[in-house]
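Shown next, in structure tokens, is the structure this report addresses.
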Amino acid sequence: MMLANTKTILEKARKGNYAVGHFNINNMEILQGVVQAANNLKAPVIVATSEGAIEYAGINFLHDLVKTASELSKVPVALHLDHGKNFKIIKQCIDLGYSSVMIDASHENFAKNIQLTKKVVEMAHKKGISVEAELGTIGGKEDLVHSKGIIYTDPKKAKEFVQKAGCDFLAVAIGTSHGAYKFKGDAKLKIDILRKIKMETKIPLVLHGASGVPKDVVQLAEKYGARLEGVKGVPDSQIKLAVKNGINKINTDTDLRIAFDAAVRKALKDNPQDFDPRHVLGPARQLITKVVEQRIRTFGSVNKA
Ligand code: G3H
Ligand code: 13P
Ligand code: ZN
């Protein structure tokens, strides 16, 4: 199949009340692990590259890897730019034929966020590429805003934002944050706010910072030397509640990083005399497939390809 159309995938999810997985990739093994899981479960999938991933691997490498993966795939595979902040990179993605791009101007004031999002919408829509924007702040370990606390998305502002900026999907801040340390106490999302945003907007909503940080994978990584005290993700029950109340795209990166780390540590420790990279990275690819399958089941997109 050709690279899939993100808007088609997500509008179908919105009408069918389920969520499609967005998974961040940085290299071939992570990509193959993700796409294998989607094929195993006959689920559509969105593969995402951050600006950091593009800086690490090169945009042409990543684009061509995902294009090849989609051509070999029996299920729709879309390619998305995650957290686009640099207009030069956003434009490169549009010119290369990404399925969709995110403009993340959530750190700007409301008017400036609308203005920058609108600019990207105008560029992308000309080429049939859809646009995700963000309103509110989704914290993260490197994010200075996070130290001041999360600013939840205001439902009334969300309506005005979508009308004025013309984005196709909206990332909302309802209590999640990026990385492996999401909650100190109880993990609880603001489902009441999500419900209101859903009533005010008629487009697919996106949940960032949604990794579950699964205990079994964390324990495996720790068994082989990782130091992960205090990690905490979003429980599956909260993810299911978010999907039921209007989330149609769910972003996962941290879970894949921990899985990759755990499998590589295990392979190196179990076979110290084996220096074949395929024997180190192959198990990482396999564990990523397992983790992604579990995510897809939770999102409700099995057999939706
Ligand atoms: O939301 C951010 C993603 O986890 C990407 O992270 O910028 O380190 O590639 P990165
Ligand atoms: P996690 O850090 O929870 O995996 O979130 C990833 C994300 O939101 C990518 O945009
Ligand atoms: Zn994110």
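The values are calculated or read from the model by the stated rules, or taken from the named source; none is laboratory data. Remember, it's a predicted structure, so these values are computed and weren't measured experimentally. Reconstructed Cβ throughout: ideal geometry from the backbone, glycine too, with neighbour counts over all protein chains shown.
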- [ ] For region 55-62, state whether one or more residues are hydroxyl-bearing (S, T, Y) and under 22 Å from V206 (Cβ atoms).
- [x] no
Open item on the list: Whether any residue in region 140-154 is of a type in the set (A, V, I, L, M), within 16 Å of ligand 2 (Cβ to nearest atom) and within 16 Å of the chain's Cα centre (by Cα) is what I want to check.
Closed with: no
Open item on the list: Between a residue in region 171-188 that is within 22 Å of I114 (Cα to Cα) and small (G, A, S) and any residue that is within 10 Å of ligand 2 (Cβ to nearest atom) and part of a loop (DSSP other than H, G, I, E, B), which pairs come within a Cβ distance under 8 Å, given they are 6 or more apart or on different chains?
Closed with: A171/D104; A171/I138; A171/H208; A173/I138
Task: Selected residue (only one of V218, V292, V280, V243 is within 16 Å of ligand 1 (Cβ to nearest atom), among the aliphatic types (A, V, I, L, M) and in contact with a helix residue (DSSP H, G or I) (Cβ under 9 Å, 6 or more places away or on another chain)) - done: V292
Open item on the list: When you check K215 against the structure, is it charged (D, E, K, R) and either more than 16 Å from ligand 3 (Cβ to nearest atom) or surrounded by fewer than 22 Cβ atoms within 10 Å (Cβ to Cβ) (or both), yes or no?
Closed with: yes
Open item on the list: Out of everything in region 172-204 that is of a type in the set (S, T, N, Q) and closer than 27 Å to V218 by Cβ, what residue ends up being surrounded by the most Cβ atoms within 10 Å (Cβ to Cβ)?
Closed with: T176
Task: First in region 127-141 and farther than 16 Å from C93 by Cα and within 13 Å of ligand 1 (Cβ to nearest atom), second anywhere and among the charged types (D, E, K, R) and modelled with pLDDT of 85 or more, Cβ under 9 Å, 6 or more apart - done: E134/D104; G139/K182
Open item on the list: Can you go through A210, A262 and tell me which one is more than 18 Å from the chain's Cα centre (by Cα), buried (at least 24 other Cβ atoms within 10 Å of the Cβ) and within 16 Å of ligand 2 (Cβ to nearest atom)?
Closed with: A262
